[in-house]
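The values are calculated or read from the model by the stated rules, or taken from the named source; none is laboratory data. All figures in this text were calculated on a predicted structure; none of them were measured in a lab. FYI the Cβ positions are ideal-geometry reconstructions off the backbone, even for glycines, and counts take in every protein chain you see. The area values use the complete protein model at the heavy-atom level, side chains included, leaving out ligands, DNA and RNA. Shrake-Rupley method; radii C 1.70, N 1.55, O 1.52, S 1.80 Å.
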Amino acid sequence: MNKKLRVLLTSIAIMAFVAACASHRYTVVEPPSASLTNYSVLEIPEFDSNLKSAEAVELAKVFDDRLMKEIASYRAQHPEDVVYEQILKSTDQVNDVLVMQGTVISYEEGSRAKRYFIGLGSGKAYCTIQVKFLDKASGEELARTNFDGELMGGIFGGSAEEAVDGTVKAFLDYMGEYMGEGS
């Protein structure tokens with residue numbers, strides 16, 4: 001094998017090894033029974049966890065803040081896509097409010113060492129958050145969706161935080177599909 005080809009193949013192998021093998025997706029459990037854009041306020045209270053691990057409980061406590069920060073950043077970069085006049089953690093307002101009630105239903109930090117040394121899905125980190133969209137005035141559930149993020153590898157095994165980042169990206173994808181202008 002000539003030297004240039006060997007260098008090229010080695011470079012490709014190194015880039016594949018270093019690149020994070022992360023993914024994200026959402027799964028619509030119950031499709032929207034009404035438009036999720038017919039509200040002026042999106043309320044995102046603190047999430048819950050069905051899991052008892054300290055890591056899952058902590059994730060539930062901070063995920064709403066993290067999501068709100070990402071949504072604010074997206075809104076600032078894409079003002080033409082803004083649907084809700086306000087996005088709040090809590091409001092006394094009842095009418096014209098869509099509540100996003102989230103629950104951590106799976107979370108595993110996995111093993112960074114296994115992701116680094118073995119790879120191929122060994123030591124995978126993953127996170128799934130289920131969200132119910134509720135009309136605050138009636139309490140009616142309008143939609144239910146699971147948001148997933150996972151990390152199978154990355155530089156030095158990657159951080160489980162990347163699985164959580166994937167969950168946020170899945171939500172932003174969902175917003176574009178179901179909560180954007182014209183939805």
Residues other than Val41 with Cβ under 10 Å of its Cβ, Lys/Arg counted +1 and Asp/Glu -1, net out at -2
Under 13 Å from the Cβ of Ala60, count the other residues' Cβ atoms, weight Lys and Arg +1, Asp and Glu -1, and hand me the total.
-> -3
Counting other Cβ atoms within 10 Å, which GluC sites (Glu not before Pro) in the stretch 65-103 have at most 12 and lie in a DSSP loop?
-> Glu85
Local net charge near Leu98, Cβ-Cβ under 12 Å (Lys/Arg +1, Asp/Glu -1) = -4
Just subtract the alpha-carbon distance of Glu70 and Thr27 from 0.36 nm times their residue separation and send over the number in nm, one decimal.
-> 13.5 nm
Using a 1.4 angstrom probe and counting only protein chains, how large is the accessible area of Arg75 in Å², to 10?
-> 60
In nm, the gap between the two label points placed 7 Å beyond Cα toward Cβ at Lys52 and Thr103 is 1.7
Cross-link list Lys52/Lys169; Lys61/Lys132; Lys89/Lys132; Lys69/Lys136: which exceed 20 angstrom alpha carbon to alpha carbon?
-> Lys52/Lys169; Lys69/Lys136
